[in-house]
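This report concerns only the one structure given below.
Quick note: the coordinates plus some simple rules give every number you see, no bench work behind them. Here the structure is a predicted model, which means the values were calculated and not measured. Glycine also receives a Cβ, built like all others from the backbone with ideal geometry; neighbour counts cover every protein chain displayed.
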Amino acid sequence: MYAVIKDGGHQIRAAAGEEIEIEHRDLPVGQELVFDQVLLIGGDQPRFGNPTVPGARVVAVVSGASKGPKVHGLRTREKDSSQTRFGHRQLYTIVKVREIVTG
């Protein structure tokens, strides 16, 4: 069984026992996190939400943090000989899905 959850503007596929990366949250390791916006529960008998599945939730535990790949960029200005270089590295929180409650 798996579920598709909505978190911070992203849709994430989650299965029990799986580790997933979500947007960064400043939470300690071991804290429980509950996702209430479940869009779909998949399996033998899939259930689709309109927009969410009533009573369904995904329970996860924070297991750490990580960083995404470094992204480089360059901004140039027309009719001018100046440019700006920049870099960005996105932070993520890693959570382990404990259970999927179908409601």
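Assorted remarks:
- Residues Glu23 and Lys96, FRET efficiency given R0 of 22 Å [Cβ-Cβ distance, rounded to 0.05]: 0.85
- Karplus-based coupling profile of the range 14-30, in residue order and whole Hz: 10, 10, 4, x, 9, 9, 10, 9, 10, 4, 4, 10, 8, 10, x, 5, x, with θ = phi - 60° in 6.51 cos²θ - 1.76 cosθ + 1.60 and x standing for Gly or Pro.
- Put simply, the amide H of Gln37, placed in the peptide plane, has neighbours under 5 Å in Lys6, leaving out anything fewer than 5 places away on its chain.
- Loop-located trypsin sites (Lys or Arg not before Pro) in the range 21-89 whose Cβ has at most 14 other Cβ within 10 Å (DSSP): Lys70, Arg77, Lys79, Arg89
- Relative contact order (%) - the range 2-101, alpha-carbon pairs under 8 angstrom, separation at least six: 34 percent
- Note on the chain: with a GNM built from Cα contacts shorter than 10 Å, the maximum mean-square fluctuation among Gly49, Gly73, Gly64 falls on Gly73.
- The chain shape via C-alpha gyration tensor axes, a/c threshold 1.5: prolate
- For the range 1-98, the list of GluC sites (Glu not before Pro) that fall in a loop by DSSP and count at most 10 other C-beta atoms within 10 angstrom reads Glu78.
- Label-to-label distance, nm, for residues given as Arg89 and Gln37 (7 Å Cα→Cβ offset): 2.9 nm
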